[in-house]
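Just below is one structure, and these are the notes that go with it.
The values are calculated or read from the model by the stated rules, or taken from the named source; none is laboratory data. Because the structure is a prediction, the values reported are computed rather than measured. As a convention, Cβ positions derive from the backbone with ideal geometry for all residues, glycine included, and neighbour counts pool all protein chains shown. Note: areas computed on protein heavy atoms with side chains; ligands, DNA, RNA excluded. Shrake-Rupley method; radii C 1.70, N 1.55, O 1.52, S 1.80 Å.
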Amino acid sequence: MKVFGPVPSRRLGQSLGINNIPPKTCSYSCIYCQIGRTNCMQITRSSFYKPEVLLLETKTKLAALKNTNKKIDFISFVPDGEPTLDKNLGTEICLLKQFGIKIAVITNASLLWMDSVKSDLMHADWVSIKIDTVDNDIWHKIDRPHGCLDIEKNLTGIKDFTKHFNGTLVTETMLLKNKNDAQENIKQIGAFLSQIKPACAYLLTPTRPPAESSIRPIEKETLSNLCTILNHAAGIPVHCIAAEDTNNFFTTNDIVTDLLSIMSVHPMREDILKNLLYEKKYSEDVLQHLIKQEIIKEITYENNKFYMKNLNN
């Protein structure tokens, strides 16, 4: 399924996800990515799925939700890779607007130097752009960009986009222990944000298994201090996100299909997954079967077990 959820989002409330990119096609191979390492790195925009297919799946999902108490706050493009690699993105956003639900796109902003990408994103109601650093060396160490990308070109593209975008613009910065959590890096990001003036900035630290097992989150107290520094440097509201996942996931009677579509983009913590199985009166044998069949895999991070779809199958 290319449409999943709704899933609880710490920024968007109940978000119906659109997975418009095949796994794992991206312009970055971030060391902290919860989906894993990028196995198909590209910066050329391509057609992956027919817009009509995404429209039909969204319509079907919304119809199934009609008789529930679930309110959908956003339809969100948050796929297995970088959503702006999809050259049909603008068409898809316009098609989905017919449902009267706000459209969000979460992008790494690496392609905003392309006029076609800027044009497509203009149709969205809410756009989140990733800015982990404005330092070239740190950028290469953390985001591991495609070899043809240039950080100054990316930052210029972001500035150009924000001059004309009329929706809600936010930024997100993933902070990693001893990687990009130095105060100087935060101040540099703040100086850049003061130029583009997003509605707010989010500082995050990993709460789910990253692509590289050596990556560690920063402590909550440190995260809070860095939020204060960024607020002073950028002059905009800054929010910390380091909370644990909730169990407020929506599933139908076809729970296996629902869980696999969620786990393809969102590793699920063991206690949350088992609670969902219990609520739907499924045995935990279902979980063990999926593991034995290598459909999903188990990962331990920060003393918690997580399960995610095995994208190689």
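Using the eigenvalues of the Cα gyration tensor, what equivalent ellipsoid semi-axes result for the stretch 164-302 when each is taken as the square root of five times the eigenvalue, whole Å, largest first? Could the numbers behind the result be given before it?
Working: eigenvalues 266, 63, 30 Å².
So the three semi-axes of the stretch 164-302 are 36, 18, 12 Å.
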(message) Checking the cross-link filter: which aspartates and glutamates have an alpha carbon closer than 19 Å to that of LYS97, excluding same-chain neighbours under 8 positions apart?
(response) GLU52, GLU57, ASP73, ASP86, ASP120, ASP125
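Considering only protein heavy atoms, with the full assembly of protein chains and a 1.4 angstrom probe, order CYS40, CYS148 by accessible area, largest first. Write down the numbers at each step before the final one.
Values: CYS40 50, CYS148 100 Å².
Putting CYS40, CYS148 in descending order of accessible area: CYS148, CYS40.
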(message) How large is the accessible surface of HIS146 in square angstrom, using a 1.4 angstrom probe and rounding to the nearest 10?
(response) 40 Å²
(message) How far apart, in nanometres, would the label points at LYS50 and THR228 be if each is projected 7 angstrom from Cα along the Cα-to-Cβ direction?
(response) 5.7 nm
(message) Expected output is a single nm value to one decimal: the length gained when fully extending between ARG37 and THR257, i.e. 0.36 nm times separation in residues minus the C-alpha distance. What is it?
(response) 76.8 nm
(message) With an 8 Å Cα cut-off and a minimum separation of 6 or more residues, compute the relative contact order for the chain in percent.
(response) 18 percent
(request) Name the lysines eligible as straight-distance cross-link partners of LYS292: C-alpha to C-alpha under 22 Å, and not fewer than 8 places from it in the same chain. (result) LYS274, LYS280, LYS281, LYS305, LYS309
(request) Mind giving me the nanometre distance, one decimal, between the label points for ILE272 and GLU221, set 7 Å out from Cα along Cα→Cβ? (result) 2.7 nm
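If packing is taken as the mean number of other Cβ atoms within 10 Å per residue, what is the order of 289-298, 50-59, highest first? Intermediate values should be presented prior to the final figure.
Working: 289-298: 14.4, 50-59: 16.1.
Highest mean packing first, the order is 50-59, 289-298.
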(message) How large a share of the accessible area of the chain, in percent, is made up of carbon and sulfur atoms when the probe is 1.4 Å and the other protein chains stay in place?
(response) 47 percent
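Per DSSP helix of 4 or more residues, -39500 (n - 2.57); summed, then divided by the residues of the chain. What does that give at 222 nm, rounded to the nearest 500? Don't jump to the answer; show the numbers that get you there.
Working: 10 runs with 107 residues, N = 313.
Counting only the DSSP helices, I get -10500 deg cm²/dmol.
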(message) Per residue, how large is the accessible surface of the stretch 1-92? Use a 1.4 angstrom probe and give square angstrom.
(response) 40 Å²
(request) Express the accessible area of the stretch 98-233 per residue in Å², computed with a 1.4 Å probe while the remaining protein chains stay in the model. (result) 43 Å²
(message) With every protein chain left in place and a probe of 1.4 Å, what is the accessible surface of SER9, to the nearest 10 Å²?
(response) 40 Å²
